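Asker: Sending over a structure as structure tokens; questions will come in a sec.
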Amino acid sequence: MTISNEQFRAAMSRFASGVTVITTRDANGAAHGITVSAFCSLSAEPPLILACIHKDTGSHYAFLERQAFVVHILAEHQRHVSEQFALPTDDKFDGIPPLDSSDGLPVIEGSLVTLECEMVNTYDGGDHTILIGKIVYSEVLDDKPLLYFHGDYRKIAP
Ligand SMILES: Cc1cc2nc3c(=O)[nH]c(=O)nc-3n(C[C@H](O)[C@H](O)[C@H](O)COP(=O)(O)O)c2cc1C
């Protein structure tokens with residue numbers, strides 16, 4: 001027994017989540033980023049998070065090459081950032097120029113939370129790869145989160 005793709009999507013779309021953009025650089029130094037909601041806290045000691053990246057995305061190889069990445073938990077005002085990084089465009093950073101982290105990874109300014117991570121493991125997860133990252137630097141702003149539920153962006157009610 002299994003469920004259809006439609007049944008899977010219908011069920012998962014009812015899981016309300018925040019929205020992240022996860023960035024890295026490939027071996028040639030090109031910046032990559034992808035909108036990801038499959039992100040969660042994993043361990044406090046050591047500080048680990050996990051994120052799931054579809055194997056077919058154009059940026060998948062870059063995460064494996066660099067073995068490090070930056071998670072940006074988006075703020076309410078960053079809906080356009082989520083939309084841009086969810087498109088398979090050549091220049092994801094057009095109009096959103098990144099800063100460089102101390103390790104030279106792309107950092108998107110104004111994010112609610114910024115987590116610089118070293119990759120400590122990857123696991124096969126069906127059509128996705130599960131990335132396990134150890135947080136080596138974090139920054140938190142006092143702002144509201146961008147939310148996603150049932151195929152649309154949401155806000156925390158005032
Ligand atoms: C709200 C939202 C959440 C998403 N979550 C994920 C995710 O968790 N994992 C994933 O691989 N793609 C996710 N996507 C889709 C990717 O962002 C999209 O396929 C992107 O174009 C991939 O970029 P690339 O192929 O140019 O690298 C999500 C898209 C949206 C709009």
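The values are calculated or read from the model by the stated rules, or taken from the named source; none is laboratory data. These figures come from a predicted structure and were not determined experimentally. Backbone-built Cβ (ideal geometry, glycine too); neighbour counts: all protein chains shown.
Asker: Looking at (1) within 13 Å of the ligand (Cβ to nearest atom); (2) buried (at least 17 other Cβ atoms within 10 Å of the Cβ), find the lone condition where Val70 falls short.
Answerer: Result: Val70 passes all but (1).
Asker: Follow-up. Please determine, by comparing only the residues of the range 48-64 that are assigned to a strand (DSSP E or B) and within 6 Å of the ligand (Cβ to nearest atom), which one is farthest from Asn121 (Cα to Cα). Talk me through it step by step, then tell me what you get.
Answerer: Initially, the range 48-64 is screened for residues assigned to a strand (DSSP E or B), giving 48-54.
Subsequent filtering for residues that are within 6 Å of the ligand (Cβ to nearest atom) retains 52-54.
Values: Cys52: 12, Ile53: 13, His54: 16 Å.
By that ranking, first place goes to His54.
Asker: Using the structure shown, decide if Val70 is within 14 Å of the chain's Cα centre (by Cα) and under 19 Å from Val136 (Cα atoms). Break it down into steps so the answer makes sense when it comes.
Answerer: Values: within 14 Å of the chain's Cα centre (by Cα): yes; under 19 Å from Val136 (Cα atoms): yes.
Taking the combined requirement at face value, the residue satisfies it.
Asker: Among the residues of the range 94-108, what is the count of those that are closer than 11 Å to Val81 by Cβ and exposed (fewer than 13 other Cβ atoms within 10 Å of the Cβ)?
Answerer: Looking only at that region, the number is 1.
Asker: How many residues, within the range 99-128, are farther than 12 Å from Ile22 by Cβ and either part of a loop (DSSP other than H, G, I, E, B) or among the polar types (S, T, N, Q) (or both)?
Answerer: Qualifying residue count, the range 99-128: 11.
Asker: Mind listing whichever residues of the range 11-35 are touching a residue at least 24 places away in the same chain (Cβ under 8 Å) and among the aliphatic types (A, V, I, L, M)?
Answerer: Passing the criteria: Ala16, Val19, Val21, Ile22, Ala27, Ala30, Ala31, Ile34.
Asker: Looking at this structure, is Thr23 more than 8 Å from the ligand (Cβ to nearest atom), at pLDDT 95 or above and either more than 11 Å from the chain's Cα centre (by Cα) or not in a helix (DSSP H, G or I) (or both)?
Answerer: On the way: more than 8 Å from the ligand (Cβ to nearest atom): yes; at pLDDT 95 or above: yes; either more than 11 Å from the chain's Cα centre (by Cα) or not in a helix (DSSP H, G or I) (or both): yes.
Yes: the conditions hold for Thr23.
Asker: So if I check each of Ile135, Ile96, which one is assigned to a loop (DSSP other than H, G, I, E, B) and either more than 16 Å from the ligand (Cβ to nearest atom) or in contact with an Asp or Glu (Cβ under 9 Å, 6 or more places away or on another chain) (or both)? Even if it seems obvious, please write down each step before you answer.
Answerer: On the way: Ile135 fails: assigned to a loop (DSSP other than H, G, I, E, B).
On inspection, the qualifying residue turns out to be Ile96.
Asker: Kindly establish whether Glu45 is assigned to a loop (DSSP other than H, G, I, E, B), without any contact (Cβ under 8 Å) to a residue 60 or more places away in the chain and more than 11 Å from the ligand (Cβ to nearest atom).
Answerer: On the way: assigned to a loop (DSSP other than H, G, I, E, B): yes; without any contact (Cβ under 8 Å) to a residue 60 or more places away in the chain: yes; more than 11 Å from the ligand (Cβ to nearest atom): yes.
Judged against the criteria, Glu45 is a match.
Asker: Have a look at Gln78, Gln84 and point out the one that is more than 26 Å from Gly126 (Cα to Cα), buried (at least 17 other Cβ atoms within 10 Å of the Cβ) and within 13 Å of the ligand (Cβ to nearest atom). Reasoning before the result, please.
Answerer: Numbers: Gln84 fails: more than 26 Å from Gly126 (Cα to Cα).
Checking each option against the conditions leaves just Gln78.
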